[in-house]
Every structure is written in C-alpha cells, then in structure tokens.
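The values are calculated or read from the model by the stated rules, or taken from the named source; none is laboratory data. Please read all numbers here as calculations on a predicted model, not as lab measurements. We place every Cβ from the backbone using ideal geometry, glycine too, and count neighbours over all the protein chains shown. Side chains included, ligands, DNA and RNA excluded: accessible areas come from the protein's heavy atoms. Shrake-Rupley method; radii C 1.70, N 1.55, O 1.52, S 1.80 Å.
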Amino acid sequence: MKMETFEMERMQSTWENVVEYDLSESGIRAVSLRELTELGFDLEEAMDTPLGYSQSNGTIELRELLTEQYPGTSIENIEVTNGTSEANYLVALVALQGGDDMALEVPNYMQLWGPPRSFGARINTFPLDFTSSWEPDWDGFERAVSEKTRLVYISNPNNPTGAVLSRDAMRRIVERCERVGAYLLADEVYIGAERERERTPSFWGMSDRVIVTSGLSKAYGIPGLRIGWMVGPKDFVTECWSQHDYITIGPNKLSDIMARTAVEPANRKRLYDRTREILRQNLKSMQEWLDGFGGFFTYTPHEAGAFYFVKYASEVPSLELVRNILHRQSTLIIPGSHLGMEGFLRIWMGGKPDFLQEGRRRIGAEIEKLPELVRGGDL
Ligand SMILES: Cc1ncc(COP(=O)(O)O)c(C=O)c1O
C-alpha cells in the first residue's frame, strides 16, 4: 500500500521555516549549544572527536545514563534512535504485520497513522473526551482494543491535549493490553513538560507488554540533536535494532555525546525546570488572550506540553482557518483535523513572550473576521 502523507508534519516542514511567526511547535523554546556548554558539554573535546560512526543502538555511556530513568533496566533494554519518531516507527514495524490491528487514541500526533496502514495493518481509533478532561472514552477504548489488537499507542502527557492520564486510567489501559496480548507503546516525550503538577509517572515497569519511547525534543528543549530512545523487553528491542540497521544505522555521533550532558540527572532536572519556568511565564498571557474572545475558545486547564488545544465556536473547518492565518498573516498553527479532531486548533506557548504575543495578535486578526465571533455576547 502507498504511504499516506503525514499531513501535520508536511505542513510544518513546508511552512515552519518560511512564515514570520511559527506557533505550530509543540516543544519548549530550544536550548542553544552555548547553553549546553554551560551545562558541562565540552566543546573543545568535541572538536577533536573523529566524526566516525557511533554505536548504532546508542553508546554504552548514553544508554547507561538512560537506565537510571527506567528502574530495573540494563543497557540491552534501551535503543537510542534518531528522535522519538524513529523509535515509534521501529516499534510499529516490529510489533505489527499485515492484517494485524492497532489501536490509536485521537486526538493524537498521528505519526502512527500512515506507517501501519502502509504495510496492511488496520487502525481502530478511540477518542479522548473533551467533556471529561480528555479521559479516554472507555467504551470506545474497549471496542478499539480487541483480541486482534497487537499494538496500542498512547501519548502521555498527550499531544495535543496536554492532558495527563490518572494512575487508574494507566492501570486500566495496561490491563486491557495484557488481556488481549497487545503491546502498549507509551510515547512519553512530554514527560517533564508539566507546568505545575508533579512529574508524570512512566508506564515503564507496569507490565512486560509495555514499550516506552521518549527523547530530547520536547521537555528537554533539544529537538535539533534528533536523539530519542525506546525502552522495552530485551528481545523486542533487539528486533528493533535489526530494523534500525536497515534504516539509518544509528544516531549521529556528536548528538550522542551531547545527549549524555542533557540526560545526566542534575542537568535533566535543570532542563525540566527551565521548561516549567517558561510555561509558567507564558500561561497567563495565553489564557488572557484566549478568554478575550468572549467564550469563542473553550479549553481544559493546562497540565503539560508547550501548547493549548482549544475548541472554537465556528463551523469553519480548522484547515481553512489555519490556511487563512498562514497566507494572510504569515503565522502557522496546527488545525485539529491534522490531529484527528475537527473543530480545534493547537497553538504554541513555549516561545519568547513578545514573539508569542505578536503571533497571537495575527491569529486574532483572522478570528475577528469570523461571522460567529460576537465579542462578549452569545455565540
Ligand atoms: C507525541 C510525539 N511523539 C513524537 C514526536 C516526534 O519527536 P522527535 O522530534 O523526538 O522525533 C512528537 C513531535 O511533535 C510528538 O508530539
């Protein structure tokens, strides 16, 4: 089967470096190389490093550091990849075959929509419920996860809702996966991007059906290094490594070295603290702006992630709205339709305040033109 276009990613890669205001991001404002040196990365030493191939599943040093985040693991449980997205892709390749079923929550980042379908797997979606703080719709979940399901994908904290699953919800998901014999792929790349609440617990360790993916791109604020990883049962990880050999061989050598600085426990805490601080700083102005449209936008309280996923009170399709904002205001945001849920927009809040303010002003200029917008009155 032909590979379907990854709509959101394609729209971003076409426009994010072209528009004047890119508010389509989902991670926190990126860390610079200088900031990484301030955390202890030795640039001088790196200058003399021969730029050969690196260990293809991640250097022992990096994997050893990562084992500290996942209790009970050794380096054979971990594979370092080119971003979280490569880890997700490898997991889908290994867990699924043509004719298998996969369950996918919506709304979602939607990376694992295209690849499984391209090799003949069937996807059953289950919705997260806006009216109950984005808790999974459990009836929908039970329907989507059946005896035929080989893989269930969850992003927690979730992109795009920012919601965090309760412990009970986590247990319920894991139990269902165990009952039907499916693997659970828990994409945890937003752990550490909580604004006020405590750190989101990992699914790791809840069952031998759990595979966790994560990376440096969101809560750490270092997407440019393209470092991600998976944590899973050793035999599963070994199979993923075999796929990895064929695709990219392994991660970039310098990125592996720099990643060691980022995931070192004290630095990880510093980077998470930086993320929290940026989110705190930006929250008030974001909410004031959203509320300034007199109820046109509705949203759940912010929990995690550098974005808001907001419902808007208009019949205009989200893609049309986003296109107008893009072409008339040189500003990019994400339409809900690209994330599996129409009637919503995802707007970034992880940048510098002045930049975000001007981006929002431009978005607002197009919202003002909608016939449904009646300021301060009924909609
Ligand atoms: C849930 C989720 N997983 C994975 C990715 C991709 O991450 P990476 O840049 O580490 O490949 C994203 C990017 O937006 C994401 O939102």
* Asked: In region 135-162, which residues are part of a loop (DSSP other than H, G, I, E, B), open to solvent by 10 Å² or more (accessible area, probe 1.4 Å) and out of contact with any helix residue (DSSP H, G or I) (no Cβ under 7 Å at 6 or more places or on another chain)?
  -> ASP137, LYS148, THR161
* Structure fact -> The lone condition ILE257 fails out of (1) of a type in the set (A, V, I, L, M); (2) within 16 Å of the ligand (Cβ to nearest atom); (3) out of contact with any Cys (no Cβ under 7 Å at 6 or more places or on another chain) is (2)
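Look at region 49-94 and say how many of its residues are among the polar types (S, T, N, Q), away from the ligand (no atom under 16 Å from the Cβ) and in a loop (DSSP other than H, G, I, E, B).
Count: 8.
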* To do: Only residues in region 71-88 that are modelled with pLDDT of 95 or more count as the first member; pair them with residues that are of a type in the set (D, E, K, R) and within 16 Å of the ligand (Cβ to nearest atom), Cβ under 6 angstrom, at least 6 apart or cross-chain, and list the lot.
  => ASN82/ARG226; GLY83/ARG226
* Single unsatisfied condition, SER26 versus (1) within 16 Å of the ligand (Cβ to nearest atom); (2) of a type in the set (Ser, Thr, Tyr); (3) within 14 Å of VAL231 (Cα to Cα) -> (3)
* Structure fact -> THR81: passes all of (1) more than 17 Å from the chain's Cα centre (by Cα); (2) surrounded by 15 or more Cβ atoms within 10 Å (Cβ to Cβ); (3) over 24 Å from HIS338 (Cα atoms) but (1)
* Asked: GLY336: crowded, with 20+ Cβ neighbours inside 10 Å and in contact with a Pro (Cβ under 6 Å, 6 or more places away or on another chain), yes or no?
  -> no
* To do: Would you confirm whether any residue within region 194-203 is open to solvent by less than 10 Å² (accessible area, probe 1.4 Å), small (Gly, Ala, Ser) and within 16 Å of the ligand (Cβ to nearest atom)?
  => no
* Spot the failing condition for GLU25; the list is (1) in a loop (DSSP other than H, G, I, E, B); (2) more than 22 Å from the chain's Cα centre (by Cα), and only one is missed. => (2)
* Asked: For MET102, all conditions in the list (1) outside any helix (DSSP H, G or I); (2) within 18 Å of the chain's Cα centre (by Cα); (3) not basic (Lys, Arg) hold save one; what is the number of the exception?
  -> (2)
* Tally, over region 165-188, of residues that are in a loop (DSSP other than H, G, I, E, B), open to solvent by 10 Å² or more (accessible area, probe 1.4 Å) and either under 21 Å from GLY232 (Cβ atoms) or within 13 Å of the ligand (Cβ to nearest atom) (or both) -> 2
